[in-house]
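Heads up: the structure comes next, in structure tokens.
The values are calculated or read from the model by the stated rules, or taken from the named source; none is laboratory data. Everything numeric here is computed off the predicted structure, so don't read it as measured data. For neighbour counting, all protein chains shown are included, and Cβ atoms are generated from backbone atoms with ideal geometry for every residue, glycine included.
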Amino acid sequence: MRLNQLLIIVFSFSTVYLSASNVVIKGNASTFIGKEITIYNYADYVSNKKIQVGFTTVEENGSYYFEFNADDVKKVFINIEDKSAWLFVHPGEVYNINLKFDEDFNKGRIYDKQLSIIFNFPVPMELNQQVRKFNQQFDQFIADNRVLFEKRDHSIEPKLKAFKTKTLQEVENSNSEFVTNYIKYSIAATQNALDVSYIISNTNKSNNTKANIYLEYLDKKPILYNNPEYINFFKDFFKGELKELTLQIKGISISEAINDKSSFLELSKALDAYPFLQEDEFKNLFILHGLFELSKDKYFTKANIIKILTEIKTNSKYPNQKIIASNIILEINKVKFGKGSLAPDFSLKNKDNDIVSLASFKGKPIYINFWTTWSIPSQKEMKIMQSLYKKYGNKIQFISICADNDFNKMTSFINKNESYSWIFLHKGNNNHVLDDYYIATFPQYILIDKNLKIIQAPAGRPGGTAERATEKNIEKDFYDLVNNH
């Protein structure tokens, strides 16, 4: 069952046409004067690899402006500090939106604080307006029929079918294929969930079968790479399917193609035996999704999976699938992170613009602090770090990595706090350093031994209970490191 998480948003819209592939997001964010606005999107919806498109700063008058290239409808995420929102953007359009923060709505939220997006001059047929309207209708439909959903006797099926017919008729004249498919595959995902969860008895048959869902939504249908609802439905529909096929008698050839031959061609041939995989592009997407799942399965050789994915990345005639394969490889190759694992290396600029690598600190335990200038706890704990550095700095290396986009914010902070004399580095364009260390909030700390292996991630905080009662003080670990090694 799917409940919409679209924000408390007052939508309005004004559109100006640009060059065919440029998108502009601009407006007012007077609550955030001087703050950075960072824009992200997904590189693809199969790997869900999030990439930073760029950033801008809110001007003194509260205005902001950001322009970027988009070749199709994109779901973009707008982040200010630890707050975020999302919207869909269409190539060649200008989105004039105001960004605000509702304290009451976000009361109690720690990691998922939501910005409110306010579009000026609402246009009902605009893409986001239609998506919002459908999400609200669907949420209401689910709430109104919750009892039928929970009964598990298929009584919800005719109502769901009628709801789909009605909502699709409402957008029939919108000229938005994206919206039509967004609605269609949102409902398809719910139908698929019903099929998975219901037990069909001999006396209570259902037309909502896996085969019927496939014929209605996937068979001989175009692959919608840039529609998240289509790809999410595709992934849910085929969840675990490649593994299941390998367990069948005729599935031995699938396992051999992966584990013994590490061959895309052999894997493709093995899958030709299945009627639902006769169309080449569709079958290849099935392979990509399936291999991504199998990369986490101990019975399949990860190196062979990567080899097959590399074949797709290099030789596929489908450009979107080359991108997906490349992103899946990056995800699979992520260094195992946790206690005892080798700390991911990095090369970042210090305040003097010199490149500094993690490897250069080998031979001494390292305490890494990921921080931002907008995080109040970051700045409070810097003061405690200062006293810890004076006490342990000759035996433990202290490194603070600034996650602000603007390099000058770090240097300005250091200039105002000259007594903070340990190593400061800036993430620059290396956003992967945050991904590599699984940094979700700020500040966050990592403790590494002299051989560059993780001791704790996250590690204790300076002062420990000063900010969060559940987190321990790092000083005991420092004492143990210094006295026991």
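Details
- The sole residue among F105, F138, F121 that is of a type in the set (F, W, Y) and buried (at least 16 other Cβ atoms within 10 Å of the Cβ) is F138.
- Selection status of I474, β-branched (V, I, T) and modelled with pLDDT of 90 or more: no
- Residue in the stretch 92-109 that is on the phi < 0 side of the Ramachandran plot and under 20 Å from the mean Cα position of the chain (by Cα) present: yes
- Residues satisfying the stated conditions in the stretch 184-209, i.e. modelled with pLDDT of 90 or more and not small (G, A, S): K184, Y185, I187, T190, Q191, N192
- Scanning the stretch 124-164 for residues that are β-branched (V, I, T) and either touching a Ser or Thr at 6+ places or on another chain (Cβ under 7 Å) or in contact (Cβ under 8 Å) with a residue 40 or more places away in the chain (or both) returns V131, I142.
- Residue that is among the aliphatic types (A, V, I, L, M) and outside the structural domain of Y438 (by TED's automatic domain parsing), where the choices are I355, I401, I414, I312: I312
- Hey, L267 surrounded by 20 or more Cβ atoms within 10 Å (Cβ to Cβ), touching a residue at least 12 places away in the same chain (Cβ under 8 Å) and farther than 27 Å from L87 by Cα or not: yes
- Lone qualifier among N417, N369, N405 - being out of contact with any helix residue (DSSP H, G or I) (no Cβ under 6 Å at 6 or more places or on another chain) and surrounded by fewer than 20 Cβ atoms within 10 Å (Cβ to Cβ): N417
- Hits in the stretch 100-115 (condition: touching a strand residue (DSSP E or B) at 6+ places or on another chain (Cβ under 7 Å) and acidic (D, E)): D102
- Checking F105, F77 one by one, the residue that is assigned to a strand (DSSP E or B), closer than 28 Å to A403 by Cβ and not small (G, A, S) is F77 and no other.
- Taken together, the criteria exclude N353 from residues that are in contact (Cβ under 8 Å) with a residue 24 or more places away in the chain and either assigned to a loop (DSSP other than H, G, I, E, B) or closer than 23 Å to D44 by Cβ (or both).
- Restricting K380, K364 to residues that are outside any helix (DSSP H, G or I) and of a type in the set (D, E, K, R) narrows the list to K364.
- Check on I142, closer than 30 Å to T57 by Cβ and among the β-branched types (V, I, T): no
- Scanning the stretch 19-38 for residues that are in a helix (DSSP H, G or I) and surrounded by fewer than 19 Cβ atoms within 10 Å (Cβ to Cβ) yields S30, T31.
- For the stretch 317-339, the set of residues classified as under 24 Å from I448 (Cα atoms) and free of Cβ contacts under 8 Å to residues at least 24 places away in the same chain consists of K336 only.
- For the stretch 171-195, residues that are of a type in the set (D, E, K, R), over 27 Å from the mean Cα position of the chain (by Cα) and surrounded by 14 or more Cβ atoms within 10 Å (Cβ to Cβ) total 1.
- Matching residues in the stretch 391-450 - criterion: being in contact with a strand residue (DSSP E or B) (Cβ under 9 Å, 6 or more places away or on another chain), more than 26 Å from N79 (Cα to Cα) and in contact (Cβ under 8 Å) with a residue 40 or more places away in the chain: Y392, I396, I423, L447, I448, D449, K450
Residue-wise test of (1) modelled with pLDDT of 85 or more; (2) in a strand (DSSP E or B); (3) surrounded by 14 or more Cβ atoms within 10 Å (Cβ to Cβ); (4) over 30 Å from the mean Cα position of the chain (by Cα).
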site: I446; (1), (2), (3), (4): yes, yes, yes, no
site: I454; (1), (2), (3), (4): yes, yes, yes, no
site: T465; (1), (2), (3), (4): no, no, no, yes
site: T470; (1), (2), (3), (4): no, no, no, no
site: N483; (1), (2), (3), (4): no, no, no, yes
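- Applying the criterion of being touching a Lys or Arg at 6+ places or on another chain (Cβ under 7 Å) and assigned to a loop (DSSP other than H, G, I, E, B) to the residues of the stretch 280-326, the residue that is surrounded by the fewest Cβ atoms within 10 Å (Cβ to Cβ) is D297.
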